[in-house]
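Undergrad: Before I ask anything, let me first share the structure, which is written out below as structure tokens.
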Amino acid sequence: MFCSDPVVNYLKELGYNTILIPRATLKPLQLFTKKGDRLRLLGDLTTVLVPRGNVAPPTTKEDAPAGNISGRRTEENSRNLMLSVLGGIIGAMGGNSLGLELKYNDAQTISFQFSEVVEDLVEILTLDMYLGDTDISPYSVFVRELFEADNVFVTTSVLKSRKLSVDAKRQNGAGLELEVPVINEVVGGSVNVTGSTDVTSLVTYEGATPLAFAFQAMGLCYKDGKYRRMKSTDDDLVIAAVQPRGVDEDAELLTTRTGFVRLAGM
């Protein structure tokens, strides 16, 4: 699915990894480790590392306008693929997607665009200096082994939005006529459904809380217990939503188009 997912491609072009089902819990300065084909949340960076006191912890700049991303539309893609993503997003917003597929039954293609996008981010140089002035907690034997194995990753940027606009077209390229009041009734919950008119092909779904839908992360390299450098990864990280049997009940998956990792334990 992810190889052809237009949302993945759209965010990759912008330099971000994808969270297929947006959520409010992802934030900068969270540490993850890879185990097999999964990443698990270790905790916040300032919990795992002990500062020496010379460099202040990096501060997160919150809700910075992301004008280069707001309003950017994905490519048009198949109705079934896009509706599966839309259903998860609406669920994350607190709405109900049951019955929504019928309203888009005559659509051939669908495209997305996130509106009023904001970014939570930390400055890489400040983070680098802080890491150089910290030690791994002496009480974290397990975590020390992970750092030594270059098996710890830190989130540095998160994109958030409360609004997702969905444009649906018929096979002939004409816009699909969707009744906004009817869709609003179907979705319900805390999601507000609007359009420029009561009947339109472009429908906007808005939740009450900004949800993270994309992120950037860096790998951390340690030797002999000391921080050496950060590294970027060429892998396309995609946080998915399907939870397999046998995984912790609070687990979430992260899979990739290049077979890098699957994420559990957010």
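Undergrad: How much length is gained on full extension from Thr60 to Ala208, taking 0.36 nm per residue of separation minus their Cα-Cα distance?
TA: Roughly 51.1 nm would be gained on extension.
Undergrad: Go through Lys12/Lys163; Lys169/Lys231; Lys61/Lys163; Lys34/Lys226; Lys12/Lys226 and tell me which ones have a Cα-Cα distance over 30 Å in this structure.
TA: Lys169/Lys231; Lys12/Lys226
Undergrad: Using the Cα centre as the reference, give the magnitude of the dipole from point charges on the C-beta atoms of region 121-210 (Lys, Arg: +1; Asp, Glu: -1; all else neutral), rounded to the nearest 20 debye.
TA: 400
Undergrad: Here's something else I'd like to know. Using a 10 Å cut-off on Cβ atoms, rank the peptides 216-225, 144-153, 158-167 from the highest mean neighbour count down.
TA: Answer by packing, highest mean first, reads 158-167, 144-153, 216-225.
Undergrad: Could you order the peptides 112-125, 47-60, 202-215, 69-82 from most to least packed, using the average number of other C-beta atoms within 10 Å per residue? It would help to have the intermediate numbers written out before the result.
TA: Working: 112-125: 18.6, 47-60: 14.4, 202-215: 20.6, 69-82: 16.6.
The packing order, highest mean first, is 202-215, 112-125, 69-82, 47-60.
Undergrad: To continue, here is another question. Keeping the other protein chains in place, figure out the carbon and sulfur percent of the accessible area of region 126-202, with a 1.4 Å probe.
TA: Solvent-exposed carbon and sulfur of region 126-202 make up 49 percent of the total.
Undergrad: Now, a different point. With a 10 Å radius around each residue's Cβ, average the other Cβ atoms per peptide and rank 85-93, 191-199, highest first.
TA: 85-93, 191-199
Undergrad: Here's something else I'd like to know. Which value, in Å², gives the accessible area per residue of region 148-213 when a 1.4 Å probe is used on the protein heavy atoms?
TA: Per residue, region 148-213 has 41 Å² of solvent-accessible surface.
Undergrad: Find how many whole Å separate the alpha carbon centroid of region 160-198 from the alpha carbon centroid of region 64-104.
TA: 10
Undergrad: For Thr25 paired with Ser196, estimate the spin-label separation in nm (one decimal), with each label point 7 Å from Cα along the Cα-to-Cβ line.
TA: 3.9
The values are calculated or read from the model by the stated rules, or taken from the named source; none is laboratory data. This structure is a prediction, so every number in the text was calculated from the model and none was measured. Using ideal geometry, Cβ is built from the backbone for each residue, glycine included, and neighbour counts are taken over all protein chains shown. Keep in mind that these areas ignore ligands, DNA and RNA; they rest on the heavy atoms of the full protein, side chains included. Shrake-Rupley method; radii C 1.70, N 1.55, O 1.52, S 1.80 Å.
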